[in-house]
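As structure tokens, the structure follows; a few thoughts come after it.
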Amino acid sequence: MKFFVTGASGFVGRHLVHSLIQSGISVVALSRSATSDEKLQQAAAAGPGKDRPSITKANPPQSSGIVGRLEIVRGDLKSRAAILQGMRGCDAVIHLAAKVQSWGKWADFPIEGTRSMVDTAKAAGVPRFVHVSTIFANIKASGAIGNASEADPMDPPDWAPYSKSKAEAEKVALAANDSPRFEVVVIKPSFCWGRGDTLLKPGFTKIIQAGLFRWTTPLARVATTHVSNAVHALRLAATVKGVGGRSYFVTDGKAELWKDFITWYVCSQPGVATPTGTVPLWLLWGVEWFLESLPILGYGVTREPLVSRQILAYVARDVTVKTAKIQKELGYKPGGQHEGRTPAMSAEKGYHFTQRAFIDSHKVVTPLAFLAVMAYYDAWKKSTAWIYLSCHGTYALLWLYKSAHFGDRQWEAKCSILFGVVMRWAAMSLYWIGGWIVMAAKTEPPAWYQGMCISIFTLGIFSHFVADMQKHMHMQYCKGTLITTGLFSLTRNPNYLGELLTYLGYGLLARSWWPIAVLASIMTLIWLPNMKRKDASLSRYPAFAQWKARTSRLVPFLDLV
């Protein structure tokens, strides 16, 4: 037998090539470069990820022609003449070629590329075409891919361009089915993992080591696909007759928590610590929805979102499917490839609240609460009311973005619901006093006074978020050293200075001692002790004494606290 394979130099493709050749099946592989040739010959001889002793400077890999039972065809999906020639005499085509990006322009590659491949396969007289799609072609606008079956409709939303393109390509492939002369079978794996992984493990390793990863709550479940199981399914699809025009989900079987999978698969590597922070899915989803909806940011047009709803739908919602169909019709049996898998390491099930969850949700509710107070006092025509509301709304959006991408790790500590409600929600609601006074006031301050309050608020926002970003980047690239540059060259606590100015702007706008008294109390009882503890902790650094001598604790040039 002889199979034509696209995407053969990729992760799954290399495992497939090795499996086919080791069992005596010849492979004609489409390859775009000499680098891909090297990967293919290595896979054919020794398997993915293993050394190939026969490849040396004196015996370099060939770039084309037949090497054992491997034939390499130079070109890409647009090289119709070369592909047509390579397909002649093949028993099946396995179309694995795919983009790995999550965002971009997709029509030319997966959709038109698939159309060209099925047309060429028909012209070459190949009787079987195996198209590789994905479980994520079944993504929904709302809700998870939960216990899905192949009969479920495929209609991914516009905010999931990768899934949408895969769904359209799958439809193109199935539409070309003409059993029994030309049978098209679609295989739909989940996240593929295993030896030689070039996407899942490296991707998660990178973001975890950068300190950017957070578990989402509630914890999601996933049914993964080991590469050996993907290869097993592809070989069955290429050989079992009478199943043209059908698609099949392929997984390892039982689903598990994403947290368990990532913990043992990714975090078992040296130097990759298991993340501890969490963020509510609803909150992160809302932030990404807002960012993707702003044309000025160019997400989805000129650049990829930092996270994107598409990625969240993959890793923060359940991904579970039924696999009875492939087991019954193709004889598929999931293998026992575990590669060092240990028993589930996480006993955490369901919802797990962190202090961050209560703080973030309070930021969301605050502008809504002020809208309700505006309505109660009929303050729609008051400029101060709108200024107060817009400032709080802006602060909330910036806070949520910061929380999702460079939040303070101290808020990752878990807490009881009672603690969260009393010590976080109730305590922070004291800040609402100023807004209540603004909405209820019968008179308004002059324009210059309102402008002054906005300026103070703006300086606070700048100091707060620039300091937190500087701290975050410093921890990534200069961990273990003091931050003594930028805003930290003026004050040792520019983030606290930012919060002070932000809430001072709110308080002054209210023209009342109440919000100022609340701010002073919080500063005295919470912030100042924290700043003193921070100084005591940082004093272990040799450079601390010099840094302390040239900076103030809070207000630049004025060491008042």
I'd like the distance between the alpha-carbon centres of the range 121-176 and the range 16-41, rounded to an integer number of Å. 26 Å
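How do 427-434, 369-376 rank on mean C-beta neighbours within 10 Å, highest first? Before the final figure, lay out each step's value.
Numbers: 427-434: 17.1, 369-376: 15.1.
So the peptides 427-434, 369-376, ranked by packing, come out 427-434, 369-376.
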Residue span Lys171 to Ala151: 0.36 nm per residue of separation minus Cα-Cα distance leaves a gain in nm of 5.9 nm
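Can you list which of the chymotrypsin sites (Phe, Trp or Tyr not before Pro) found in the range 521-561 are DSSP loop residues with at most 13 other C-beta atoms within 10 Å? If you can, show how the numbers build up before the last one.
Working: sites: Trp527, Phe544, Trp547, Phe557; in loops: Phe557.
Sparse-neighbourhood loop chymotrypsin sites (Phe, Trp or Tyr not before Pro): Phe557.
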I need the trypsin sites (Lys or Arg not before Pro) found in the range 358-397, filtered to DSSP loop residues with at most 10 other beta carbons within 10 Å of theirs. Lys381
Note, Gly146: beta-carbon cut-off 12 Å, +1 each Lys/Arg, -1 each Asp/Glu, net +2
Total lysine pairs under 13 Å (Cα atoms) in the range 355-550, excluding pairs fewer than 8 apart on one chain: 7
How would the chain be classified by its alpha-carbon gyration tensor: rounded, prolate or oblate, with rounded meaning a/c under 1.5 and the a/b versus b/c comparison settling the rest? prolate
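Can you tally the net charge around Ala440? Count Lys and Arg as +1, Asp and Glu as -1, for every other residue whose Cβ sits under 13 Å from the Cβ of Ala440. Don't skip to the end; give the middle numbers.
Values: positive: Lys382, Lys442, Arg511; negative: Asp378, Glu444.
Counting the neighbours of Ala440, the net charge comes to +1.
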Could you grab the relative contact order for the chain? Cα pairs under 8 Å, six or more apart, rounded to a whole percent. 10 percent
In degrees, nearest ten, helix 227-239 long axis to first principal axis of the chain (Cα): 40 degrees
Using only Cα atoms, find the angle between the long axis of helix 355-377 and the longest principal axis of the chain, and express it within 0 to 90 degrees, rounded to the nearest 10. 60 degrees
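Between beta-carbons, use under 14 Å as the cut-off and find the net charge around Ile72, counting Lys and Arg +1, Asp and Glu -1. Numbers along the way, then the final one.
On the way: positive: Lys2, Arg14, Arg32, Lys39, Arg69, Arg74; negative: Asp37, Glu38, Glu71, Asp76.
Every neighbour counted, the sum reads +2.
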Residue by residue through the range 26-31, the couplings from Karplus 6.51 cos²θ - 1.76 cosθ + 1.60 with θ = phi - 60°, in Hz, x for Gly and Pro, are 6, 10, 10, 10, 7, 9
Helical contribution to [θ] at 222 nm, DSSP H n ≥ 4, -39,500 (n - 2.57), averaged over the chain, rounded to 500: -14000 deg cm²/dmol
Exceeding 28 Å between C-alpha atoms, which entries from my cross-link table qualify? They are Lys78/Lys322; Lys254/Lys328; Lys78/Lys201. Lys78/Lys322; Lys78/Lys201
Taking H placed 1.01 Å from N in the peptide plane, check which residues at least 5 places from Tyr332 or on another chain put their amide H under 5 Å from its amide H. Gln327
Please give the helix 200-209 orientation as an angle from the longest Cα principal axis of the chain, in degrees from 0 to 90, rounded to the nearest 10. 20 degrees
Run through the range 169-207 and list the trypsin sites (Lys or Arg not before Pro) located in a DSSP loop whose Cβ has at most 14 other Cβ atoms within 10 Å. Arg181
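What percent does the relative contact order of the range 355-550 come to when contacts are Cα pairs within less than 8 Å and at least six residues apart? Write out the running numbers ahead of the final one.
Working: 167 pairs, mean separation 48.7, N = 196.
Once normalised by length, the contact order is 25 percent.
Counting pairs of alpha carbon atoms under 8 Å apart in space and at least six apart in sequence, what relative contact order in percent does the range 191-322 give? Kindly include the intermediate steps, with their values, before the conclusion.
Working: 135 pairs, mean separation 46.1, N = 132.
That works out to 35 percent.
Please label the shape of the range 385-490 as rounded, prolate or oblate, based on the square roots a ≥ b ≥ c of the eigenvalues of the alpha-carbon gyration tensor (a/c under 1.5 means rounded; beyond that, a/b larger than b/c means prolate, else oblate).
Working: a/c = 2.99, a/b = 1.38, b/c = 2.16.
Taking the square roots of the gyration eigenvalues as a ≥ b ≥ c, the range 385-490 is oblate.
Given R₀ = 56 Å, FRET efficiency for Asp378-Ser537 by Cβ-Cβ distance, to 0.05? Walk me through the intermediate numbers first.
Details: r = 50 Å, r/R0 = 0.90.
E between Asp378 and Ser537, to the nearest 0.05, is 0.65.
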Rounded, prolate or oblate: which fits the range 355-550 when a ≥ b ≥ c are the square roots of the eigenvalues of the alpha-carbon gyration tensor, with rounded for a/c under 1.5 and prolate only if a/b beats b/c? prolate
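Values in this text are rule-based calculations from the coordinates and carry no lab data. Keep in mind that what you see is a predicted model, and the values were worked out from it rather than measured. With ideal geometry, Cβ positions are generated from the backbone for all residues, glycine too; neighbour counts draw on all protein chains shown.
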